[in-house]
Amino acid sequence: MGCVTIMKEMLERICCKQVVFTSLEVVDPKVVLHTRKKLAIFSGVDPKSFYHLIFRIEQKSRFLRKHVDEMAELCKTLELHVKHTYKYKHLLLNAPLCSKAAIMLQENGWKVYNDFM
């Protein structure tokens, strides 16, 4: 799937939740985070100048608690790279979500969109 298509679908999904971005850029996970994971990462700024981090993940297997730990590590690495923290973190997930992972994501301040297609 092309980056433009992914961004269009993602914006449609998040804009339904009344989140609008003044700027939105694609983060290359291979270059910035040095990871081989298949995910799309976007960094955006809303009109109130709050930073949003958006992870889009598609996988066939269940999204488990260990994946939450990996995402937290990637988030910390990205925050060190861009030299600021993200107020809002969004996860667009196209996979079954484990209940323990859902609780852990909620506790860590992630907004999960599990029905994303």
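Summarising the strand pairing of region 42-115, around 25 percent of its internal DSSP beta bridges are antiparallel.
Between Lys48 and Thr85, the simple spin-label model (points 7 angstrom out along Cα→Cβ) gives 1.6 nm.
At the listed q of 0.24 Å⁻¹, the Debye profile of region 33-100, built from one uniform point per Cα, gives log10 I(q)/I(0) equal to -1.15. Gain on full extension, evaluated as 0.36 nm per residue between Val31 and Asp69 minus their Cα-Cα distance, stands at 11.6 nm. In order along region 86-102, phi translates into HN-Hα couplings of 9, 6, 10, 10, 10, 10, 9, 10, 10, 6, x, 10, 5, 5, 5, 5, 4 Hz, rounded to whole numbers, per the Karplus curve 6.51 cos²θ - 1.76 cosθ + 1.60 with θ = phi - 60° and x for Gly and Pro.
Read-outs throughout are calculated quantities, based only on the coordinates presented, and are distinct from any laboratory measurement. What you see is a predicted model; the values in this text were computed from it and never measured. Don't worry about glycine lacking a Cβ; one is built from the backbone with ideal geometry, like all the others, and counts go over all protein chains shown.
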